[in-house]
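Novice: Structure below; questions to follow.
The values are calculated or read from the model by the stated rules, or taken from the named source; none is laboratory data. Nothing here was measured: the structure is a model prediction, and the numbers come from that model. For neighbour counting, all protein chains shown are included, and Cβ atoms are generated from backbone atoms with ideal geometry for every residue, glycine included. For the accessible areas, the whole protein counts, side chains as well, though only heavy atoms, and no ligand, DNA or RNA atoms are used. Shrake-Rupley method; radii C 1.70, N 1.55, O 1.52, S 1.80 Å.
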Amino acid sequence: LYDAIVVGARCAGSPTAMLLARKGHRVLLVDRATFPSDVVSTHFITVDGVARLAQWGLLDRVRATGCPDLPPAARFLVRGEALSTPAPPIGLPSLCPRRTVLDQALMEAAREAGAEVRLGFSVRDVLKDDTAVVGIEGQGKDGVEVTEMARIVVGADGRESFIARTVGAEKYNVRKGATCGYYSYFSGIDCHAAEVYIQDSKAAFLFPTNDGRTCVVNEWPIAEFKTLRADIEGNVMRTFDAVGQGQRVRAGKREERWYGKQLGDSFYRKPFGPGWALVGDAGFYKDPILGQGINDAFRDAEALANAIDAGLTGQRPMEEALAAYEKTRNNETAPIYEITAAFATLDPPPVFVDMIRMAAQQAAAAR
Ligand SMILES: Cc1cc2nc3c(=O)[nH]c(=O)nc-3n(C[C@H](O)[C@H](O)[C@H](O)COP(=O)(O)OP(=O)(O)OC[C@H]3O[C@@H](n4cnc5c(N)ncnc54)[C@H](O)[C@@H]3O)c2cc1C
C-alpha cells in the first residue's frame, strides 16, 4: 500500500511526488510517457516559478541544462505601447528551459527524494471501494496489467485528465477557448529576454531557450485557425512583420518543425474527493498567453503536498485539508484568471493593460 500514487510526472506530478517523498511518505509516480520527452507547450517560467525551483534546491540543476537567465520581467508591447510585466524583486531571473530537460530534472528529483518512478506506465482505471478511490489499474512497458493501492490517488495527468473524468470531477468558471497558435525553434536570433507583442488581434512572442535557440511563437484568434494552419510560416512572419520584428526573425534559421494547436476552454475543476485529488492542468487550466501554467503547477504541487501530508499524518482531517487547498488555489488565482481571459481575446481592454502596468509599477517601487 502506497501513501500516494501520482499519475503524471511533469511540472505538477513530479514536484508533488518529490515533496511528499521528502516528508517521508511512500509514493509511486507513474507516467505513460518515457523521459526525456516533449509536450506541445512553450515553457517560459515566471520569477515566482523560478523561486520555487530555488526553494526546492533544483534551480542550479535546471540552469545547468544550458537555458539562459532572462530578465525577471517580460517585455510587453500592447498596441505599440511598452509595458513591463510585474516581477517580484527577489533577485532571481525568469527562465525558459525546454520541457525535455525541465520535466526530466523534476522527475529525477522525485526519484532522488525516494518516490518510486514507473515510466511508460499507462493508468487504465481507478479502483474504488464503496466510499472512496483506493488505487489504480494500469499497464507497464512489458504489457502486464497491474493494480496498485494507495491512501490517495493524485491526478497530475494534464488538461484532459483521465483521473478527473473517471472520478467525475466537475468543471466550473469555464471560459470558451479563444486562441490557437504555433511555435518553433530558431538559431541565430538576437534575443535575450522574453518578448511579447499584441497588436491587431494577433500575438507574437520570442523566448530565448536552451542550445542558443529562440522559441518563436504566434497566437491568433481561434476562429482563424484554418487560415493560420494553411500557411504557418508565412502567417507567423506576417505577424512578426506587423509588430516590427520580422527582420530579426528572418535573420535566424528555423531548426525544428512547427508545433501547435487550437487552445481549448479555460476552467477550474473541483480538485478533490474521497481518496483522490487533482493538481496542475488537471485541476486548473487557462490560456497560455501569460505563461502561468508551470508556475501554477509548482505552486499547487506544494500546496497539495502540504495538504495531503496534513491529512495522512492526522494533523487535520484529509477532507478539510484538501478543501483548504482548493480555496487557497482559487483565491490566489482569481485575479490572474480574469486578466488572462482578457488577454486571450488578443484585444485586451485598456483597463486590463492598466492593471498589468500598475502591478509593474508597484513591483518596481518595492525594489
Ligand atoms: C501551446 C501551449 C503553450 C504553453 N506555454 C506555456 C508557457 O510558456 N509557460 C507556462 O508556464 N505554461 C505554458 N503552457 C501551459 C503548460 O504547458 C501547462 O500548464 C503544464 O504543462 C501543466 O503541467 P502538468 O504537469 O499539469 O500537465 P502535463 O504537462 O500535461 O503532463 C501530464 C502528464 O500526464 C501523463 N498522463 C496523462 N494521462 C495519463 C495516464 N492515463 N497514465 C499515465 N500518465 C498519464 C502524460 O503523459 C503527461 O506526461 C502552455 C500550454 C500550451 C498548450
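Novice: Exactly one condition in (1) over 14 Å from H43 (Cα atoms); (2) out of contact with any Ser or Thr (no Cβ under 9 Å at 6 or more places or on another chain); (3) open to solvent by less than 60 Å² (accessible area, probe 1.4 Å); (4) not in a helix (DSSP H, G or I) is false for Y182; which is it?
Specialist: So Y182 meets the others, but not (1).
Novice: Would you pick out the residues in the range 230-285 that are closer than 22 Å to R175 by Cα and part of a strand (DSSP E or B)? Write out each step before concluding.
Specialist: Going residue by residue through the range 230-285, those that are closer than 22 Å to R175 by Cα are 260-272, 278-285.
Listed by number, the residues that qualify are G260, K261, Q262, S266, F267, Y268, R269, F272, L278, F284, Y285.
Novice: May I pose another question? Are any residues in the range 234-256 under 18 Å from L77 (Cα atoms), open to solvent by less than 40 Å² (accessible area, probe 1.4 Å) and touching a residue at least 24 places away in the same chain (Cβ under 8 Å), and if so, which ones?
Specialist: V236, T239, F240, V243, Q245, V249
Novice: Please go through the range 62-104 and give me each residue that is within 15 Å of the ligand (Cβ to nearest atom), assigned to a helix (DSSP H, G or I) and open to solvent by 10 Å² or more (accessible area, probe 1.4 Å), ordered by number.
Specialist: R99, T100, V101, Q104, listed by residue number.
Novice: Name every residue in the range 47-61 that is open to solvent by less than 20 Å² (accessible area, probe 1.4 Å) and either within 12 Å of the ligand (Cβ to nearest atom) or at pLDDT below 95 (or both), in order of residue number.
Specialist: Passing the criteria: V47, G49, V50.
Novice: Shifting gears a bit: Can you pull out the residues in the range 200-216 that are more than 16 Å from A341 (Cα to Cα), outside any loop (DSSP other than H, G, I, E, B) and in contact (Cβ under 8 Å) with a residue 60 or more places away in the chain? First the steps, then the outcome.
Specialist: Here is the first cut: in the range 200-216, the residues more than 16 Å from A341 (Cα to Cα) are 200, 204-216.
Pick out the ones that are also outside any loop (DSSP other than H, G, I, E, B) and you get 204-208, 210-212, 214-216.
Result: F205, F207, P208, N210, D211, C215.
Novice: Residue by residue through the range 239-285, note down the ones that are under 18 Å from E332 (Cα atoms) and β-branched (V, I, T).
Specialist: V279
Novice: If you don't mind, there's one more thing I want to ask. Report yes if L304 is within 16 Å of the ligand (Cβ to nearest atom) and not in a helix (DSSP H, G or I), otherwise no. Before you say what the answer is, go through the steps one by one.
Specialist: Values: within 16 Å of the ligand (Cβ to nearest atom): yes; not in a helix (DSSP H, G or I): no.
Spelling it out, it is not the case that L304 is within 16 Å of the ligand (Cβ to nearest atom) and not in a helix (DSSP H, G or I).
Quick grid of which residues meet (1) more than 30 Å from E148 (Cα to Cα); (2) surrounded by 16 or more Cβ atoms within 10 Å (Cβ to Cβ):
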site	(1), (2)
L263	yes, yes
R299	no, yes
G311	no, yes
E320	no, no
E332	yes, no
P335	yes, no
F343	yes, yes
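Novice: If N295 passes every condition in (1) more than 9 Å from the ligand (Cβ to nearest atom); (2) under 22 Å from R52 (Cβ atoms); (3) assigned to a helix (DSSP H, G or I) but one, which one does it miss?
Specialist: N295 satisfies all of (1) more than 9 Å from the ligand (Cβ to nearest atom); (2) under 22 Å from R52 (Cβ atoms); (3) assigned to a helix (DSSP H, G or I) except (1).
Novice: Can I ask one more? Looking only at the range 115-139, which residues are open to solvent by 20 Å² or more (accessible area, probe 1.4 Å) and part of a loop (DSSP other than H, G, I, E, B)?
Specialist: Scanning the range 115-139 gives D129, D130, T131, A132.
Novice: May I ask you to verify whether T147 is under 30 Å from G273 (Cβ atoms), part of a helix (DSSP H, G or I) and either away from the ligand (no atom under 16 Å from the Cβ) or modelled with pLDDT of 95 or more (or both)? Don't jump to the end; show me each part of the working.
Specialist: Working: under 30 Å from G273 (Cβ atoms): yes; part of a helix (DSSP H, G or I): no; either away from the ligand (no atom under 16 Å from the Cβ) or modelled with pLDDT of 95 or more (or both): yes.
Against the criterion (under 30 Å from G273 (Cβ atoms), part of a helix (DSSP H, G or I) and either away from the ligand (no atom under 16 Å from the Cβ) or modelled with pLDDT of 95 or more (or both)), T147 does not qualify.
Novice: Right, here's the next one. Would you pick out the residues in the range 2-35 that are more than 6 Å from the ligand (Cβ to nearest atom) and either at pLDDT below 95 or not hydrophobic (A, V, I, L, M, F, W, C) (or both)?
Specialist: Selection gives Y2, D3, S14, P15, T16, R22, K23, G24, H25, R26, T34.
Novice: Any chance the range 288-297 includes a residue that's closer than 28 Å to T227 by Cα, within 16 Å of the chain's Cα centre (by Cα), open to solvent by less than 20 Å² (accessible area, probe 1.4 Å) and among the β-branched types (V, I, T)?
Specialist: Within the range 288-297 (the criterion being closer than 28 Å to T227 by Cα, within 16 Å of the chain's Cα centre (by Cα), open to solvent by less than 20 Å² (accessible area, probe 1.4 Å) and among the β-branched types (V, I, T)), the answer is yes, since at least one residue qualifies.
Novice: Sticking with this structure for a sec: Go through the range 185-233 and give me each residue that's within 16 Å of the ligand (Cβ to nearest atom), of a type in the set (S, T, N, Q) and surrounded by fewer than 21 Cβ atoms within 10 Å (Cβ to Cβ).
Specialist: N210
Novice: Considering every residue within the range 273-280, establish whether at least one is modelled with pLDDT under 95, within 16 Å of the ligand (Cβ to nearest atom) and at positive phi.
Specialist: No, because not a single residue in the range 273-280 is modelled with pLDDT under 95, within 16 Å of the ligand (Cβ to nearest atom) and at positive phi.
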